[in-house]
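In what follows, a single structure is set out as structure tokens and then discussed.
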Amino acid sequence: MNNLFIEGPIQTGKSTLIRKVLREAFGPSLEGVAGFTSQRLTDADGQLLGFRLAPADAALTVVCDPATADNVFKQFTPNGTRVDMTVFETAGIRYMDEALEAAKAGQAQVILLDEIGGHELASDAFRQKLYQALDSEYLCVGVVKSPTNTRRMDASLLALNDELHQHLTVTKDFAEAFERWQISDCTSFDTKKAYNLRLCLWKEASGHSHED
């Protein structure tokens, strides 16, 4: 499997760490990275209002009213949490199709899938497209929900999360995994870019506190 996913407790900086690594490799605009990210939507005071599916190069957090945003798949309201599965079956599949096409054309060296392992797995169409990406020849990286973060899921989703893990190389020690991959060897990628992901990971994986 040509992928690596990181798991761990919420709010420990997993997504932020991945972004730092990718920016080290591809620059601040993340040219060469395709896929999707789960973008946090907050109010002006930082209160979490929901999540939307956004392109790989989108900011991790934006101040935005979920009612006015597109591709919002989870919204927190006074009446409870709303989950819109159609977002995964439309935007989610589209982002993965575009990422696979970009990788095939040599326009993307990495497919970012951040994050996976939750409610989206209940969509057969999304799940099959996800497995197509994960089982492809292209490098996929991202965040996967760990079993300790899935306690509120029903039994069927827990089983799908377990099934997903069979398609993944998962680690809680990012630096060790990238060293094992020898990703710092530029011959694995487009040699026109100065990839030194292993060094970056060793520098960044040492207990910084970031948004997740």
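The values are calculated or read from the model by the stated rules, or taken from the named source; none is laboratory data. Here the structure is a predicted model, which means the values were calculated and not measured. Glycine also receives a Cβ, built like all others from the backbone with ideal geometry; neighbour counts cover every protein chain displayed.
Any residue at all in region 164-172 that's part of a helix (DSSP H, G or I), modelled with pLDDT of 85 or more and in contact with a Gly (Cβ under 9 Å, 6 or more places away or on another chain)?
Yes: one or more hits.
Please enumerate the residues belonging to region 101-129 that are among the acidic types (D, E) and either in contact with a Phe, Trp or Tyr (Cβ under 8 Å, 6 or more places away or on another chain) or surrounded by 21 or more Cβ atoms within 10 Å (Cβ to Cβ) (or both).
D114, E115, E120
Can you find even one residue in region 18-25 that is surrounded by fewer than 19 Cβ atoms within 10 Å (Cβ to Cβ), β-branched (V, I, T), farther than 23 Å from N161 by Cα and over 12 Å from the mean Cα position of the chain (by Cα)?
Scanning region 18-25 turns up no residue that is surrounded by fewer than 19 Cβ atoms within 10 Å (Cβ to Cβ), β-branched (V, I, T), farther than 23 Å from N161 by Cα and over 12 Å from the mean Cα position of the chain (by Cα).
So A108 fits all but one of (1) touching a helix residue (DSSP H, G or I) at 6+ places or on another chain (Cβ under 8 Å); (2) not in a loop (DSSP other than H, G, I, E, B); what number is the exception?
Just one mismatch for A108, condition (2).
If I ask for residues that are among the aliphatic types (A, V, I, L, M) and assigned to a strand (DSSP E or B), which ones from region 28-72 would you list?
V33, A34, L41, L48, L49, L53, A54, V62, V63, V72
Pull up region 132-145, narrow it to residues that are part of a loop (DSSP other than H, G, I, E, B) and under 13 Å from the mean Cα position of the chain (by Cα), then point me to the one that is farthest from A159 (Cα to Cα).
L139
Pull up region 119-131, narrow it to residues that are not charged (D, E, K, R) and not in a loop (DSSP other than H, G, I, E, B), then point me to the one that is nearest to G92 (Cα to Cα).
This residue is F126.
Filter region 77-93 down to residues that are assigned to a strand (DSSP E or B) and either among the basic types (K, R) or modelled with pLDDT of 95 or more (or both), then give me how many there are.
1
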